[in-house]
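Asker: What follows is a structure written as structure tokens; I'll ask about it next.
Just so it is clear, none of the values below were taken in a lab; they were calculated from the coordinates. Quantities reported herein were computed from a predicted structural model and do not represent experimental measurements. Note that each Cβ is placed from the backbone with ideal geometry, even for glycine, and that neighbours are counted across all protein chains shown.
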Amino acid sequence: MFAALALLIIVVAYRIASGFVGSTDFSWMHNFAPLAAVALCGAVYLPRRFAFALPLTMLFLSDLVLNVFHYHQPLATVEILPRYLALALIAGLGLALQGKARLGSLLAASVGGSVAFYVITNTGSWLYEPGYARNVGGWLQALTRGLPGYPATWTFYVNTLLSDVGFTLLFVGCMAWQAGKHHADEPEVLAPW
């Protein structure tokens, strides 16, 4: 658990740092955050009693730091609900994979979680943002072009997908390294024959 917890703390710290550094413009770093990877891999690698609540609590705390101290926005807004719904869904997917996750299933879950996050959060934007028409065309605009004056929403999705897969690979690699290190530290047991 220590390795998974340490990695969660590091990537949440990265999220906070990148929020302060990369949020001044819509650079390559915008939306390149470990949100879904923390929810997915935290649920896969932490003990079941912490697997759901701890990653979501850590993400909530990072939102608190970013919203209050950097963006000067209230924490409890309607915009945050779709994000936490999507992250809870991704954490549930991680719980379903707990104990039987392999690289292929984790990458598939990461891509699927990324798509779900994109659709849920952009649908949420479509519902509460007055710049979108409340019809299918407005919903498709929320999923593709976004609002005038901002980059297209699909460009944010590309960064989200890259970060979700990248941070998931980082988690998997670190956990495999930790497991290999743990097995290498064990004394060799000689067979009785």
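Asker: Quick one: net charge around Leu35, please, counting Lys, Arg +1 and Asp, Glu -1 for every other residue with C-beta under 10 Å from its C-beta. Don't skip to the answer; put the middle values down first.
Answerer: Values: positive: Arg15, Arg83; negative: Asp63, Asp164.
Local net charge: 0.
Asker: State which helices in the chain qualify, where a helix is a whole DSSP H run, it must extend 30 Å or more along its own axis by its Cα atoms, and its mean Kyte-Doolittle hydropathy must be at least 1.0. Each step should come with its number before you reach the end.
Answerer: Values: long enough: 103-128 (37 Å, 1.05); 153-185 (47 Å, 0.42).
Counting only whole DSSP H runs, the qualifying helices are 103-128.
Asker: Between Val158 and Lys100, what is the label-point separation in nm under the 7 Å Cα-to-beta-carbon projection?
Answerer: A separation of 3.7 nm, rounded to one decimal place.
Asker: Which entry in [x] 8, 33, 36, 19, 4, 0; [y] 9, 33, 34, 15, 5, 2, 1, 0; [z] 9, 40, 39, 12, 0 matches P(r) over Cα pairs in 10 Å bins from 0, in percent derived from the coordinates of this structure?
Answerer: [y]
Asker: Local charge sum around Leu75 (other residues, Cβ-Cβ under 15 Å, Lys/Arg +1, Asp/Glu -1)? Write down the numbers at each step before the final one.
Answerer: Details: positive: Arg83; negative: Asp63, Glu79.
Charge balance near Leu75 sits at -1.
Asker: Can you give me the Cα centroid spacing of the range 137-155 and the range 42-104 in angstrom?
Answerer: 25
Asker: Within the set of other residues whose C-beta is less than 12 Å from the C-beta of Ala108, count the net charge using Lys and Arg as +1 and Asp and Glu as -1.
Answerer: Working: positive: Arg102; negative: Asp164.
Here the charged neighbours net out to 0.
Asker: Between His72 and Ala17, what length in nm is gained on full extension when 0.36 nm per residue of separation is reduced by their alpha carbon distance? Mind showing how you got there, number by number?
Answerer: On the way: separation 55, 0.36 × 55 = 19.80 nm, distance 1.58 nm.
Here the answer is 18.2 nm.
Asker: Can you give the charge dipole size of the range 1-135 about its Cα centre, rounded to the nearest 20 debye, using +1 on the beta carbon of Lys and Arg and -1 on the beta carbon of Asp and Glu? Don't skip to the answer; put the middle values down first.
Answerer: Details: 7 positive and 4 negative charges, 106 e Å.
Charge dipole, the range 1-135, about its Cα centre: 500 debye, nearest 20.
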